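The values are calculated or read from the model by the stated rules, or taken from the named source; none is laboratory data. Keep in mind that this is a model prediction, so the values were computed, not measured. Positions of Cβ are generated from backbone atoms using ideal geometry, with glycine treated the same way; all protein chains shown enter the neighbour counts. Protein only, heavy atoms only, side chains kept; ligands, DNA and RNA dropped before computing areas. Shrake-Rupley method; radii C 1.70, N 1.55, O 1.52, S 1.80 Å.
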Amino acid sequence: MIPWADGPGIVEFPDGRRIRGRGLRQPQPDGQEPEFGVYLLARSPPPFEWQQRWVRWPDFRTPASTNDAISALQEAYERSAMERVEIACGGGVGRTGTALAGMAVLAGVPRTEAVAWVRRRYNKRAVETPWQRRWVLEVGRQIESG
């Protein structure tokens, strides 16, 4: 596998895994395509040429199914060790940032620091709503307790 090159939306986790976050309303970035994507949308995403998972997740909210979201994020995190993975929502900020914060906990970032960690490394407005921040803490508690 050729890993993601440095560029917009690329987040490097403490263990060295790299995942791209982006907004689907923006043109796809030039360069490498993902090999797997998780799409956080209220409606099914358009078809892509790579494998994907859809998590039903309305804008400015939390996922319709926390269990489905955790499963998709764990799969994406595991696959990112060997594949180029992207996480995306419509704008690439709130839902994508929330998912990346959950993945940061998977990578060992304490749940109480995950939102700030993603805001420093991805987008300073990531995790836009109070309920998204609360979701990161709740999911982080589940992840940390195993």
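Under the simplified labelling scheme, the residue 61-residue 145 pair shows an inter-label distance of 2.5 nm, with each label point 7 Å from Cα along Cα→Cβ.
Only helices at least 15 Å long along their axis, Cα-based, and averaging 0.5 or more on Kyte-Doolittle count here, so list those DSSP H runs from the chain.
Working: long enough: 66-79 (19 Å, -0.79); 94-106 (18 Å, 0.92); 130-144 (21 Å, -0.97).
Span-like helices in the chain: 94-106.
Determine the shape class of region 87-129: with a ≥ b ≥ c the square roots of the Cα gyration tensor eigenvalues, call it rounded for a/c under 1.5, and otherwise prolate if a/b is greater than b/c, oblate otherwise. Because a/c hits 1.5 or more and a/b exceeds b/c, region 87-129 counts as prolate.
Of the residues 50, 57, the one with the largest accessible area comes first in the ranking 50, 57, computed with a 1.4 Å probe on protein heavy atoms.
Ignoring ligands, DNA and RNA, what percent of the 1.4 Å accessible area of region 1-50 is carbon and sulfur? Before the final figure, lay out each step's value.
Values: 1450 of 2910 Å².
Carbon-and-sulfur percentage of accessible area, whole number: 50.
Each Cα pair under 8 Å and six or more residues apart adds its separation to the average, and for the chain the resulting relative contact order is 26 percent.
Over region 36-99, what is the mean sequence separation of C-alpha contacts under 8 Å (at least six apart), divided by residue count, expressed as relative contact order in percent?
Computed value for region 36-99: 39 percent relative contact order.
Projected over every direction and averaged, the convex hull enclosing the alpha-carbon atoms of region 74-146 yields 4.7 nm². Considering the options 85, 73, 58, tell which one lies farthest towards the positive end of the dipole of the chain, charges being +1 on Lys and Arg and -1 on Asp and Glu at the Cβ, about the Cα centre. Going by the charge dipole, the pick is 58.
If the chain linking residue 30 and residue 137 were pulled fully straight, counting 0.36 nm for each residue of separation and taking away their Cα-Cα distance, it would gain 35.1 nm. Solvent exposure of the chain amounts to 50 Å² per residue of accessible area, where only protein heavy atoms count and the probe is 1.4 Å. Note on residue 43 and residue 71: the extension gain reaches 8.2 nm, defined as 0.36 nm multiplied by sequence separation minus the Cα-Cα distance.
Extents of the chain, largest first, come to 35, 32, 27 Å (Cα atoms, principal axes, whole angstrom).
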